[in-house]
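The values are calculated or read from the model by the stated rules, or taken from the named source; none is laboratory data. Please read these numbers as outputs of a predicted model, since none were measured by experiment. All Cβ positions, glycine included, derive from the backbone under ideal geometry; neighbour counts span all protein chains shown.
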């Protein structure tokens, strides 16, 4: 299992570097910071349309569930004939779903957008530093190749979408946006100019553990937009990395154009992450959608915690699930890859959060404060197939 976790995550050389850092850090005491989080008041209602799927559901069934959830979450009145829609999946690596976005779900979303009148549908992302690196001097790796290997490229083509990979146009394919007032970002965030061309954004994240951030859901997917100098600031100034995760989603080119967030999750990566780890496939999987990013992440995190409960304790040991003990050390290793030894030496330590409830997750907490309070979640069982016990479990985790 250990070999499986390591294969495909990063290069053999880079894994050696990060492993040495992580091993050393494993002997450091773990200090949880969950108690430092303060909740704001209740914000506006957020409807989350949810479709249930039986274990082993076919690609066709997943596509139908995505269509149903999307249609229940929005009436698409924001979409005019000929509009350009950019879909942002999660493509951190070449690993298949659930380490990346569900490919059947991506195909279904593209087809639905075209049916509703979209003139152009563009699928765009940039891989993680372990697989792709863009600098003023050139490029290493290829998100296009990652998508070819994990199935997202074929899924996008099957739906009739265009594919765009910012690194292929080089360092100047980005512009500076933000930061928002009160942000922990020191500089504006460099994001693709392609965002200026898009009329609307649709986000299609996955549900997974992350060995540095704890989880990677909708909010964390924002890193895929960032040029690598912004990623360097994000990881190097790690004392506020969780806050910056939420704040990056508030820049105008993202916040003003985001129309729909849809997550197709019949499987969940519950340990290690973001690219490998223990995979749960519960008896009932779910597809859920909303126009509220924080609300969607609340349900996503509740679903993650339910699947963590299905994960054997043996899979949660440090070397299989290193977040709590070694996240700060692994983050320093990422800075080493992004900026070299000098920047790695300047890297701030970061906190770990042993969140047992959704209220103890720091990036989501920051999103609550940024976006008008805690969304009042309303789960809409679109086809009436959601088992009562699962609906109760979700609602229990969504209660304050």
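Taking the options 289, 344, name whichever one is under 19 Å from the mean Cα position of the chain (by Cα) and buried (at least 19 other Cβ atoms within 10 Å of the Cβ).
None of the others qualify; the one that does is 289.
Looking at residue 333, is it crowded, with 19+ Cβ neighbours inside 10 Å and either touching a helix residue (DSSP H, G or I) at 6+ places or on another chain (Cβ under 6 Å) or in contact (Cβ under 8 Å) with a residue 24 or more places away in the chain (or both)?
On the way: crowded, with 19+ Cβ neighbours inside 10 Å: yes; either touching a helix residue (DSSP H, G or I) at 6+ places or on another chain (Cβ under 6 Å) or in contact (Cβ under 8 Å) with a residue 24 or more places away in the chain (or both): yes.
Taking the combined requirement at face value, the residue satisfies it.
Of the residues in the stretch 185-201, how many are surrounded by fewer than 17 Cβ atoms within 10 Å (Cβ to Cβ) and either in contact with a helix residue (DSSP H, G or I) (Cβ under 9 Å, 6 or more places away or on another chain) or modelled with pLDDT under 95 (or both)?
Going residue by residue through the stretch 185-201, those that are surrounded by fewer than 17 Cβ atoms within 10 Å (Cβ to Cβ) are 186-188, 193, 196-197.
From what's left, either in contact with a helix residue (DSSP H, G or I) (Cβ under 9 Å, 6 or more places away or on another chain) or modelled with pLDDT under 95 (or both): 186-188, 193, 196.
Total meeting the criteria: 5.
Would it be correct to say that residue 46 is in contact with a strand residue (DSSP E or B) (Cβ under 9 Å, 6 or more places away or on another chain), at pLDDT 95 or above, surrounded by 15 or more Cβ atoms within 10 Å (Cβ to Cβ) and not in a strand (DSSP E or B)? Don't jump to the end; show me each part of the working.
Working: in contact with a strand residue (DSSP E or B) (Cβ under 9 Å, 6 or more places away or on another chain): yes; at pLDDT 95 or above: yes; surrounded by 15 or more Cβ atoms within 10 Å (Cβ to Cβ): yes; not in a strand (DSSP E or B): no.
So residue 46 fails the test.
I need the full set of residues from the stretch 347-394 which are surrounded by 13 or more Cβ atoms within 10 Å (Cβ to Cβ) and without any contact (Cβ under 8 Å) to a residue 40 or more places away in the chain, in order please.
Within the stretch 347-394, 391 is the sole residue that qualifies.
Residue-wise test of (1) over 21 Å from the mean Cα position of the chain (by Cα); (2) modelled with pLDDT of 95 or more; (3) under 30 Å from residue 149 (Cα atoms).
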| site | (1), (2), (3) |
| --- | --- |
| 60 | yes, yes, yes |
| 79 | yes, yes, no |
| 87 | no, yes, yes |
| 95 | no, yes, yes |
| 101 | no, yes, yes |
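Going residue by residue through the stretch 149-162, is there one that turns out to be in contact with a helix residue (DSSP H, G or I) (Cβ under 6 Å, 6 or more places away or on another chain), within 25 Å of residue 211 (Cα to Cα) and in a helix (DSSP H, G or I)?
Yes, that holds for at least one residue.
Do we find that residue 173 is free of Cβ contacts under 8 Å to residues at least 40 places away in the same chain and either within 26 Å of residue 328 (Cβ to Cβ) or surrounded by fewer than 24 Cβ atoms within 10 Å (Cβ to Cβ) (or both) in this structure? If you could, list the steps in order and put the result at the bottom.
Values: free of Cβ contacts under 8 Å to residues at least 40 places away in the same chain: yes; either within 26 Å of residue 328 (Cβ to Cβ) or surrounded by fewer than 24 Cβ atoms within 10 Å (Cβ to Cβ) (or both): yes.
Here the answer is yes, as residue 173 does meet what is asked.
Taking helices (runs of 4 or more DSSP H) that fall entirely within the stretch 282-400, which contain at least 3 residues that are within 30 Å of residue 109 (Cβ to Cβ)? I'd like the intermediate steps shown before the answer.
On the way: elements: 293-308, 323-339, 341-345, 362-370, 388-398.
Where helices (runs of 4 or more DSSP H) fall fully within the stretch 282-400 and carry at least 3 residues being within 30 Å of residue 109 (Cβ to Cβ), they are 293-308, 362-370, 388-398.
Considering only residues that are surrounded by 24 or more Cβ atoms within 10 Å (Cβ to Cβ) and farther than 20 Å from residue 66 by Cα, which ones fall in the stretch 89-126?
Answer for the stretch 89-126, where residues must be surrounded by 24 or more Cβ atoms within 10 Å (Cβ to Cβ) and farther than 20 Å from residue 66 by Cα: 92, 125, 126.
Mind checking which pairs have a first residue in the stretch 303-322 that is without any contact (Cβ under 8 Å) to a residue 60 or more places away in the chain and a second that is outside any loop (DSSP other than H, G, I, E, B), Cβ under 8 Å, 6 or more apart or different chains?
310/280; 311/280
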